[in-house]
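For reference, the structure is listed below as structure tokens.
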């Protein structure tokens, strides 16, 4: 197996040890802890007031817009990273191209700003 | 360079044990040193004093106490998802620590795109927080989960963009080589300190520290937990050991994020190579594998001390202030920082 794949296998082991550790501690807790559920205990906790309605609701549409903006910027970052490792090799040409790209990116942000999308309330 | 040649299973075992220590040790240290003691002293009280000398055994007492707490799962909760959520957050912490180098050969993984991997898995914890908020069937939890998602999304971007400045300067995404680039570097021809990016990437460092403060949901960015309005946010319905797993994961992530920050900006495990006449990563002596982790932990404690100091000092931001700060200040500043860094790198 190549070193590259072995590194990812190590990541798998790390995920597994987290699950094992969490499961082990929860298992020990399951042996030690009392278990006396009552109807009152199982109601959703809202500072002592009985809950009205249920805990599910639709979310505000602004979360959707912010999520879209996030996806745009995050994908731009994926394009910037490969160039960032090779700045010196691409030299002035790469620099000018990337500056145009970044200015377009900021322009998009300025447009969203002007449209009032970035206002939370 | 390691003298003994271990079979693969033994290496993996060592790595996994080392990773567990690298997650739990910083978490315990941060909780005791900062959350128990520093916070108490800043508030003119002593903090825990009974368990062990100066309350140093308090952590074990706490774990013992939480082990015996009843595990209450609300009737309306989506039980299976509700149980998984804390484990997802814990797994994300372990995946994150896998990338941190502690010495020239003392690393768990040696990814070429290490910092890219770290940024990718750091957003897994958002999933855990979101499913915890959603599966609890509690209005406070849902609000806390949504706030956490909105906040972590907004502050992920400045964090990623601040890292790009470091990558431009170092010319690599491999964390070990970023460490080497800083310690082998020189500032204006003087190499007595190497070139720690906290000096030459200061804007990036400040943006990164603010962004991790928000990613870790520490005050003043603790809107998702906001105990005065949301009880305990997405953790409201969790009790007993499941709550403690969230708590451990939170402080372990503080440790891991500050470890990554010290790799990126403070020179990581290294000391300036000029001190011992090393030229590059290959020249570093073997004893650095032992001293390196100690150097890392010192730097980690300094940075997490700053994170906690800010946490105890500032009042909470409002949700709209928080979003405005990320989108209208941090993101433009970090994009401009990338441009300036790139121009200077090509010009000189």
**Request:** For residue B:344, indicate whether it is in a helix (DSSP H, G or I), exposed (fewer than 14 other Cβ atoms within 10 Å of the Cβ) and within 14 Å of chain A (Cβ to nearest Cβ).
**Result:** yes
**Prompt:** In region A:57-95, which residue that is more than 7 Å from every other protein chain (Cβ to nearest Cβ) and outside any helix (DSSP H, G or I) is nearest to residue B:323 (Cα to Cα)?
**Reply:** A:60
**Prompt:** Does residue B:147 satisfy the condition of being part of a helix (DSSP H, G or I) and in contact (Cβ under 8 Å) with a residue 12 or more places away in the chain?
**Reply:** yes
**Complete:** Every listed condition ((1) at negative phi; (2) more than 8 Å from chain B (Cβ to nearest Cβ)) holds for residue A:98 save (2)
**Asked** Would a scan of region B:142-154 turn up a residue that is at positive phi, surrounded by fewer than 22 Cβ atoms within 10 Å (Cβ to Cβ) and either modelled with pLDDT under 85 or in contact with a strand residue (DSSP E or B) (Cβ under 7 Å, 6 or more places away or on another chain) (or both)?
**Response** no
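The values are calculated or read from the model by the stated rules, or taken from the named source; none is laboratory data. All values derive from a computational prediction rather than experimental measurement. All Cβ positions, glycine included, derive from the backbone under ideal geometry; neighbour counts span all protein chains shown.
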